[in-house]
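Accompanying notes for the structure given below.
The values are calculated or read from the model by the stated rules, or taken from the named source; none is laboratory data. Since the structure is predicted, the reported quantities are computational estimates derived from the model, not experimental observations. Glycine also receives a Cβ, built like all others from the backbone with ideal geometry; neighbour counts cover every protein chain displayed. Note: accessible area is taken over every heavy atom of the protein model, side chains too, but ligands, DNA and RNA are not part of it. Shrake-Rupley method; radii C 1.70, N 1.55, O 1.52, S 1.80 Å.
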Amino acid sequence: MARWQASALSAALLLLLWQGLAWTGVWPRYVFPWPEDVVLTLWRLVATRELAVALLHTLKRISLGFALSASGGLLLGLCMARSRTLSDILGPMVQGLQSMPSICWYPLAILWFGWNERALLFVTVSGALFAIAAATESGVRNIPPSYVRAAATMGARGWQLYSRVVLPAALPSLLTGMRLGWSFAWRSLMAAELLFLNLGFGHLLAMGRDLADAAQVMAVIVVILGMGVLVDRACFSRVERAVRRRFGYEMSA
Amino acid sequence: MRYPAVRPAQPELSLCSVTKHFETRRGRIKVLDRVSLNVRRGEFLCLLGPSGCGKSTLFNIIAGLEAPDAGEVLVEGEPVAGPGPDRVVVFQDGALFPWLTALGNVEFGLSLQRIPRDERRERAMAALELVRLARFADAYIHELSGGMRQRVAIARALALEPKLLLMDEPFAALDAQTRNIMHEELQRIWVRTGQTIIFVTHNVSEAIRLGDRVAVLSFRPGTIKREVAIHRPRPRLADDPHLMEIRTFLVRDLRSDAETAVEEELCDG
């Protein structure tokens, strides 16, 4: 069975299970909506452009948040890989902050920045930056030392060593870090948007709850799920696999 | 005629009283003790010694990857102050870059020197042809066998036309058959290019088959305890009876040092 056939089968099974549960009538339809209700609601959200507006806002936030986390995390990770002392000082902090659910920063972010985009950005970035920094540091530290020595004897110096050897050699781990960072940023942003009621997917979710519209909540969940999978599969996973194949970590399928 | 009729007065490489210590938990250990050595232009010198005798340290000092505590390393009379493309290294694991093709790897050092693209490609292809891998120019490293990888590593070094080619047990990780082929190949390449080579190994047969001269390092502190010139025409075969004699002599000579090294390792463990 091909990969896509398996995926299609799994989706069909899920749908069947959902419809089956709905048919049992254990929960009333307004609490546990049928698949068709969710599809209709999704259509309504598309038609009224509510979804488009939410998508636009969420995308803007996640892009900015992820770009900041990625560049900041990369820089921090490289600095920590470069200096033992810096790594000893910042390492435990980065590890600690990395394991902290970033939504816990939300109250503080509001006190510091107010109810605005900057608070959202703060939560998103603090969710992803440290994971990316930690992955970058370990990725750079684990490249075979003979790569750097070989490049040095061929005449590579300073920045050349980084741009031509260290970064390409660490690319597979950097990508894994970026992928992890993306998923952390996405989770943090969704949580924060639920509390920060200003457009975005989180806002649509909260609105569904306030209007007791379970179909809307489910419709938005489907979209959020779809977005997450799409970015992970279409973007990170694909690039990661291509890179790993080139490095010979994975035999080509 | 292997050497130029008029030899340059100055040796290609001079080591003058090179001394190096290591700090360990059990105190300061003298790894190299006043090692002096001259290498002529076009010479193939093998540095032979048991593991732990400091030959890798000496190698790193010549490459400029480590600095000696005392003494001097001169290349064409100029003191060495760090790694540089006049002394290119072939490592045991090849240290080839998996994100580049074979050709990309060979071009790497040339591109650091900002050599224009066309010339770069030409020189890299010539180097790949020299190691008979031109057909695999577009292959990625993981697609090549161990022996082919070391050929690429040699091509990558030769493309830079270094004054010294430094080889650190480059065939130690290969199987016996492949190693034998690589010995033949390296002799052929050396005869064709006249490249000055310093080849580090703990394998006696390898050292005497390849070298014009074998410098034997003693175990801790490392000093050059013997130099053996090997006058055999090339290509030399692995079972050359003349080489066998030298081998028997050197193996006996190395035995006590090797035993000391093993005992020390056992005590450490």
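Taking each residue as 0.36 nm, the span from A:Ala67 to A:Tyr162 lengthens on full extension beyond its C-alpha to C-alpha distance by 32.1 nm.
For the stretch A:155-193, a reduction of at least 30 Å² in accessible area between the chain on its own and the assembled protein chains (probe 1.4 Å) is found at A:Arg157, A:Gln160, A:Arg164. Dipole magnitude for the stretch A:116-253: about 820 debye, using +1 per Lys or Arg Cβ and -1 per Asp or Glu Cβ, origin at the Cα centre. Over every Cα atom in the stretch A:1-77, the radius of gyration and the widest Cα-Cα span, Dmax, amount to 19.3, 55 Å. Label reach from B:Gln10 (point 7 Å along Cα→C-beta): in the stretch B:18-40, amide nitrogens under 18 Å belong to B:37-40.
Rounded to two decimals, the Cα-based Rg/Rh of chain B, with Kirkwood Rh, is 0.97. The angle separating the long axis of helix A:35-47 from the principal Cα axis of greatest extent in chain A is about 70 degrees. For the pair A and B, the buried accessible area comes to roughly 2100 Å² in total, with a 1.4 Å probe and the value rounded to the nearest 100.
Can you tell me what percent of all Cα-Cα pairs in the stretch B:1-148 are more than 19 Å apart?
Values: 7025 of 10878 pairs.
Value for the stretch B:1-148 (Cα pairs over 19 Å): 65 percent.
In units of the rule-of-thumb radius 2.2 N^0.38 Å, the stretch A:116-172 shows an alpha carbon radius of gyration of 1.56. Computed over the Cα atoms of the stretch A:1-141, the ratio of the radius of gyration to the Kirkwood radius (Rg/Rh) comes to 1.15.
Which trypsin sites (Lys or Arg not before Pro) in the stretch B:153-205 sit in a loop by DSSP (not H, G, I, E or B) and have at most 15 other Cβ atoms within 10 Å of their own Cβ?
Of the trypsin sites (Lys or Arg not before Pro), not one in the loops of the stretch B:153-205 has a Cβ with at most 15 other Cβ atoms within 10 Å.
When you filter the trypsin sites (Lys or Arg not before Pro) in the stretch A:1-106 for DSSP loop state and at most 16 other Cβ atoms inside 10 Å of their Cβ, you are left with A:Arg29, A:Arg49. Projected label points at B:Arg192 and A:Gln19, each 7 Å from Cα along the beta carbon direction, are separated by 7.0 nanometres. Name the lysines eligible as straight-distance cross-link partners of B:Lys20: C-alpha to C-alpha under 29 Å, and not fewer than 8 places from it in the same chain. Output for B:Lys20: B:Lys30, B:Lys55, B:Lys163, B:Lys225. The Kirkwood radius of the stretch B:88-140, taken over pairs of alpha-carbon atoms, gives through the Stokes-Einstein law at 10 °C and 1.306 mPa s a diffusion coefficient of 140 µm² s⁻¹.
In whole angstrom, note down how far apart the Cα centers of the stretch B:200-238 and the stretch A:1-53 are. Here the two parts' Cα centres lie 76 Å apart.
Note on A:Gln5 and A:Ser237: the model spin-label points, each 7 Å out from Cα along the C-beta direction, lie 1.9 nm apart.
Determine the shape class of the stretch B:78-188: with a ≥ b ≥ c the square roots of the Cα gyration tensor eigenvalues, call it rounded for a/c under 1.5, and otherwise prolate if a/b is greater than b/c, oblate otherwise. Because a/c hits 1.5 or more and a/b fails to exceed b/c, the stretch B:78-188 counts as oblate.
Counting only protein heavy atoms and a 1.4 Å probe, the protein assembly as shown has 50 square angstrom of accessible area per residue. In plain terms, the chain from A:Tyr30 to A:Ser99 could stretch by 21.1 nm, reckoned as 0.36 nm per residue minus the Cα-Cα distance.
Each residue, B:His231 and A:Leu225, gets one label point 7 Å from its Cα in the Cβ direction; the gap between the two is 8.5 nm. Of the trypsin sites (Lys or Arg not before Pro) found in the stretch A:140-182, those in coil by DSSP whose Cβ has at most 16 other Cβ atoms within 10 Å are A:Arg157. Under a Gaussian network description of chain A, with springs only between Cα atoms under 10 Å, the residue in A:Leu17, A:Leu97, A:Leu51 that fluctuates furthest is A:Leu17. Ignoring ligands, DNA and RNA, what percent of the 1.4 Å accessible area of the stretch B:62-199 is carbon and sulfur? C and S atoms contribute 47 percent here. Working note: Debye formula, equal point scatterers on the alpha-carbon atoms of the stretch B:205-245, no solvent; log10 I(q)/I(0) at q = 0.19, 0.31 Å⁻¹ is -0.58, -1.08. For the pair the stretch B:13-34 / the stretch A:119-193, the C-alpha centres are spaced 38 Å from each other.
Judged by the ratio a/c of the largest to the smallest principal axis of the C-alpha gyration tensor, chain A counts as oblate, that ratio being 1.5 or greater while a/b is no larger than b/c. Residues of the stretch B:105-153 that lose at least 40 Å² of accessible area (1.4 Å probe, protein heavy atoms only) when the other protein chains are present, relative to their chain alone, are B:Phe108, B:Leu112, B:Tyr140, B:His142. Which whole-angstrom value gives the distance between the alpha carbon centres of the stretch B:73-148 and the stretch B:39-54? Using only Cα atoms, the two centres lie 22 Å from each other.
Note on B:Asp240/B:Arg132: beta-carbon distance plugged into 1/(1 + (r/R0)^6) with R0 of 30 Å gives a FRET efficiency of 0.80.
Computed over the stretch A:64-218, relative contact order equals 27 percent, with contacts defined as Cα pairs under 8 Å that lie 6+ residues apart. Pair-distance distribution P(r) for the protein assembly as shown, from all Cα-Cα distances in 20 Å bins starting at 0: 18, 38, 24, 16, 4, 0 percent.
Give me the extension gain from B:Glu78 to B:Glu119: residue separation times 0.36 nm, minus the current Cα-Cα distance, reported in nm with one decimal.
My answer for the length gained is 11.9 nm.
For the stretch A:148-228, the C-alpha radius of gyration sits at 1.86 times the compact-globule guess of 2.2 N^0.38 Å, with N the residue count. Taking Cα centre as origin and charging only the Cβ of basic (Lys, Arg, +1) and acidic (Asp, Glu, -1) residues, the dipole magnitude of the stretch B:1-92 rounds to 360 debye.
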